[in-house]
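See structure below.
The values are calculated or read from the model by the stated rules, or taken from the named source; none is laboratory data. Remember, it's a predicted structure, so these values are computed and weren't measured experimentally. No Cβ is skipped: glycine too gets one built from the backbone with ideal geometry, and neighbour counts run over all protein chains shown. Each accessible area value is taken on the protein alone, full model and side chains, heavy atoms only, with ligands, DNA and RNA left out. Shrake-Rupley method; radii C 1.70, N 1.55, O 1.52, S 1.80 Å.
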Amino acid sequence: MSRRFSELSNLASDRNERPLLPNRNSVGDDVYEALLTQLITLKIAPGERIAVDALVRELGVSQTPIRAALIRLETEGLVARKHNAGFSAAPIPSGDRFRDLYEFRLLMEPAAAALATERMTTPQRAELADVGHAMEACLKDESAASYGRFAVLDARFHEIIAEGCGNEIIAEALGRLYTHMHLFRLRHHETVTEGAVMEHARILKAIAAGEANAASAAMREHIALSRDRMEPFYRARK
């Protein structure tokens, strides 16, 4: 999953002016990241049909990597596919799904943070710090593409901690929470990113200091505050 932590700065901020993808090692990853950003930032709106032929023209690649990326996004809950209807952007999860997600996160992620404080490898600690710094850098860019990058980095931040906890069952369970990224489709606002950056900094500080209880408490606070930031927008959708 570390391939998500890559540069997305060349993605278009306007849906109608998307550039060809930059030359990198994996066209498949480039296409995935481009579509993921467009979905998170609502450049592709919930429920909107995704035309593969149009993406071929816009991204300058063949249908093969586009279809592969769409299938990958389907497994993550961001894209839906119907027989004889093709692909479309998934709807925003329901309010019940939102509440269930946060209940689960509050149960699992504080414990994972405490375990990760004691068990993370040196490379994992270094990557976690790098992701935290990259999220801070996103605050300086108010473009829609930057918000997409922030969502990808946020997911990676939590993923590193889950991987670093040393418990495969916990890591696998949290790894299936790709719907975490749906939350960023609710609200594109600086309070979302600024709050997350400050809260992540407290988690990082506790982990770096080797304080498992403090890391657990910081993670619990972060998840609770994230829930409180987003819940009004779920209520507004009803």
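Please state which one of Ala34, Ala45, Ala51, Ala112 is open to solvent by less than 10 Å² (accessible area, probe 1.4 Å), out of contact with any Lys or Arg (no Cβ under 9 Å at 6 or more places or on another chain) and in contact (Cβ under 8 Å) with a residue 24 or more places away in the chain. So that I can check it myself, show each step before the final result.
On the way: Ala34 fails: out of contact with any Lys or Arg (no Cβ under 9 Å at 6 or more places or on another chain); Ala45 fails: open to solvent by less than 10 Å² (accessible area, probe 1.4 Å); Ala51 fails: open to solvent by less than 10 Å² (accessible area, probe 1.4 Å).
Of the residues listed, the single one that is open to solvent by less than 10 Å² (accessible area, probe 1.4 Å), out of contact with any Lys or Arg (no Cβ under 9 Å at 6 or more places or on another chain) and in contact (Cβ under 8 Å) with a residue 24 or more places away in the chain is Ala112.
How about the stretch 59-74: which of its residues are touching a helix residue (DSSP H, G or I) at 6+ places or on another chain (Cβ under 8 Å) and open to solvent by 30 Å² or more (accessible area, probe 1.4 Å)? Spell out the reasoning first.
Quick first cut of the stretch 59-74, residues touching a helix residue (DSSP H, G or I) at 6+ places or on another chain (Cβ under 8 Å) only: 59, 61-63, 65-70, 72-73.
Residues satisfying the conditions are Ser62, Gln63, Arg67, Ala68, Arg72.
Can you tell me which residue is nearest to Thr41 (Cα to Cα) among those in the stretch 64-99 that are among the small types (Gly, Ala, Ser) and assigned to a strand (DSSP E or B)? Working first, answer last.
As a first pass, look at the stretch 64-99 and keep what is among the small types (Gly, Ala, Ser): 68-69, 77, 80, 85-86, 88-90, 94-95.
Within this subset, residues satisfying the condition of being assigned to a strand (DSSP E or B) are 80, 86, 88-89.
Working: Ala80: 17, Gly86: 21, Ser88: 15, Ala89: 12 Å.
The qualifying residue nearest to Thr41 (Cα to Cα) is Ala89.
Pairs only if they're at least six apart or on different chains, beta carbon under 7 angstrom, first in the stretch 57-68 and on the phi > 0 side of the Ramachandran plot, second assigned to a loop (DSSP other than H, G, I, E, B); list them, first residue then second.
Gly60/Leu20; Gly60/Leu21
Given the criterion basic (Lys, Arg), at pLDDT 90 or above, at negative phi and surrounded by fewer than 17 Cβ atoms within 10 Å (Cβ to Cβ), identify the matching residue among Arg119, Arg105.
Numbers: Arg105 fails: surrounded by fewer than 17 Cβ atoms within 10 Å (Cβ to Cβ).
The conditions single out Arg119.
Among what's in the stretch 184-196 and is open to solvent by less than 20 Å² (accessible area, probe 1.4 Å) and touching a Leu at 6+ places or on another chain (Cβ under 8 Å), pick the residue that is modelled with the highest pLDDT. Explain how you work it out, then say what you get.
Start the filter on the stretch 184-196 by keeping residues that are open to solvent by less than 20 Å² (accessible area, probe 1.4 Å), which leaves 184-185, 192-193, 195-196.
Add one more test, that the residue is touching a Leu at 6+ places or on another chain (Cβ under 8 Å), and what stays is 185, 193, 195.
Details: Arg185: 67, Thr193: 82, Gly195: 88.
Checked the stretch 184-196; the qualifying residue modelled with the highest pLDDT is Gly195.
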